[in-house]
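Here the structure comes first, spelled out in C-alpha cells, and everything after it is commentary.
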Amino acid sequence: MTDTRELRLPDERPWPAWALPVSAVAGVGALGAGLGLAVARYWGDPLPLAIAPVLLVMAAGCGAAVVRRALRHERRTYAVTEVAVVLAVAAVLYAGSPLGRAVLAALVGGGLLATAWAVRSERRQPTKMQNGWPSRSA
C-alpha cells in the first residue's frame, strides 16, 4: 500500500472562528462602557443625561458606517487607514473630556458591532447560495 496523505484544502472563510463572538461581546461592552461613562458624568443633570444616550447612538452609528464602508473595499489596506484616521481625529477632538471618552467608546462599539454583522453575513452567504436564495436576500 502506498502511504499517501490527504490533501487539505485551505479554509476559504475570510474571518477566523473567534471573530464573531469577540466582535459582538466587545462591541456591546464598549457601548455599555460609553453609556456608563456618560451616566457617571451627568448623573445629577437631567438635560445632559437625556442628551448623552442620543449622542452615543449617533456616535455608534457613525462608527458602524465607517467600518461598513471600509469593509466594502477590495483593498483592505485603505480600509484600515480610513478607520485609523477617523479614530485618531475623534481622539484628538474628544479625548479630553468624560463625554468625549464616552463618544470614543461608542464609536469603537459601533464599529465592532458592524464587524460582527459583516462576519455573520459572510458566513451565512454560502448557506443561502446552497439553498438557491438570491445574493441580496436576508
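Dividing the alpha-carbon radius of gyration of the range 21-121 by the rule-of-thumb value 2.2 N^0.38 Å gives 1.09. Per-peptide packing, taken as the mean over residues of other Cβ atoms within 10 Å, places 49-58, 19-28 in the sequence 19-28, 49-58 from highest down. Of the chymotrypsin sites (Phe, Trp or Tyr not before Pro) found in the range 40-124, the ones in coil according to DSSP and having at most 13 other Cβ atoms within 10 Å of their Cβ are Trp43.
Among Thr115, Thr81, a tally of other beta-carbon atoms within 10 Å of each Cβ gives an order, fewest to most, of Thr81, Thr115.
All of the numbers you see were taken from the coordinates with simple rules; none came from a lab. Keep in mind that this is a model prediction, so the values were computed, not measured. Don't worry about glycine lacking a Cβ; one is built from the backbone with ideal geometry, like all the others, and counts go over all protein chains shown.
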